[in-house]
Amino acid sequence: MTEIIPAIDIIGGRCVRLTQGDYGKQTTYDQTPVEMVGLYADAGVKRVHLVDLDGAKAGEPRNLDVLREVSAATDLTIEWGGGIKTTRHLHDVLDAGADCAIIGSVAVRDPQLMEEWLRELGGDVIALGADARRGKVAVSGWLEESDLTVSDLVDRFLPFGLKQVIVTDISRDGMLQGPSFDIYTDLAARYPDVIFTVSGGISSDQDILKVDRLGLPRVIVGKAIYEGRIPLSRIKELIIANK
């Protein structure tokens, strides 16, 4: 079964969701990140995906206290992204409790630094976060678009130990319209040794089941959980049924 990874996007220490990466289209939810992680753990998930949206916009981590609280409260694997621009930022995030750092802007703007991090820490700790709009990778919290494709980045970093890539289709993120499945199947066929995570657009359990039928190893689910389209009880059922 595809691994289900709930997403928690954070602004000001609170759980939020953006629509198509637009900071002006923000929904804030009542639960705290720690509360949400506890609910996810109870549902049986093993990994959570947390994004510091303040950090992504500011260019430096801004919610490390939240990361420390979450890490202290759970044994789940924590993926963390947003604002990791320097080696100090990277180690601050790892020291605060992240198991895996998601790197986006640095991979585009300073690929040599990304290479150094992969050599130093390996592909289990360093994941490429490729957020794409119209086929091109966007950076700085999706506020700027580059000329690079996801494949350009994977080709660049594979020789340095890249193992996992989280690909977010910005046009689908927060829209609850289903993901762009072809993007992921094409990448998985081209790079069979890379773990690609589907991110953006998951609207129902049927989307998750289709991801599984396509043989894709991981899927991130965010707004569909918050909006009640995929109850946590259903997440638990899917995980239990496929143990």
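Rolling a 1.4 Å probe across the protein heavy atoms gives region 94-243 an accessible surface of 43 Å² per residue.
Mean shadow of region 179-237, computed from the convex hull of its alpha carbons, in nm²?
On the way: hull surface 15.3 nm².
Computing the convex hull of the Cα atoms and averaging its projections yields 3.8 nm².
Starting from a Cα-only point model with no solvent, please compute log10 I(q)/I(0) by Debye for region 1-102 at q = 0.22 1/Å. For the requested q values the scattering log ratios are -1.17. Here Ala58 and Gln206 are evaluated by their C-beta separation; at R0 = 45 Å the FRET efficiency comes out at 0.75. Based on Cα contacts under 8 Å between residues 6+ apart, the chain shows a relative contact order of 20 percent. Only protein atoms count toward the accessible area here, which uses a 1.4 Å probe; on region 1-108, the carbon and sulfur part of that area reaches 42 percent. Here the gap between Glu120 and Asp147, fully extended at 0.36 nm per residue and compared with their Cα-Cα distance, gives a gain of 7.0 nm.
Remark: spin-label model distance Lys136-Asp95 equals 3.8 nm, labels positioned 7 Å along the Cα→Cβ axis. The length gained on full extension between Thr28 and Ala72, counted as 0.36 nm times the residue separation minus their Cα-Cα distance, comes to 13.5 nm. The convex hull drawn around the Cα atoms of the chain, when projected onto a plane and averaged over every direction, covers 11.3 nm².
Each residue was assigned an accessible area with a 1.4 Å probe, and for Val16 the value is about 0 Å². Remark: for residue pairs Lys46/Lys223; Lys85/Lys236; Lys136/Lys236; Lys163/Lys236; Lys57/Lys236, the C-alpha separation exceeds 30 Å in Lys85/Lys236; Lys136/Lys236; Lys57/Lys236. Counting 0.36 nm for each residue step from Gln177 to Asp42 and taking away their Cα separation leaves a gain of 45.9 nm. Val93 sits among other residues whose Cβ lies under 13 Å from its own Cβ, and their net charge, with Lys and Arg +1 and Asp and Glu -1, is -3. Scanning residues 5 or more positions from Ile230 or on other chains, those with amide H under 5 Å from its amide H are Ile225, with H placed 1.01 Å from N in the peptide plane.
In units of the rule-of-thumb radius 2.2 N^0.38 Å, region 153-217 shows an alpha carbon radius of gyration of 1.14. Note on region 62-97 and region 179-207: Cα centroid distance 26 Å, given to the nearest whole angstrom. With both labels modelled 7 Å from their Cα along Cα-to-Cβ, the Ile240 to Glu35 distance reads 2.5 nm. Amide H to amide H distances under 5 Å link Val139 with Glu144, Glu145, Ser146, where only residues 5 or more positions off or on other chains count and H is placed in the peptide plane.
The values are calculated or read from the model by the stated rules, or taken from the named source; none is laboratory data. Because the structure is a prediction, the values reported are computed rather than measured. Neighbour counts are summed over all protein chains in view; Cβ atoms, including those assigned to glycine, are modelled from backbone coordinates with ideal geometry. SASA here: full protein model, heavy atoms, side chains in, ligands and nucleic acids out. Shrake-Rupley method; radii C 1.70, N 1.55, O 1.52, S 1.80 Å.
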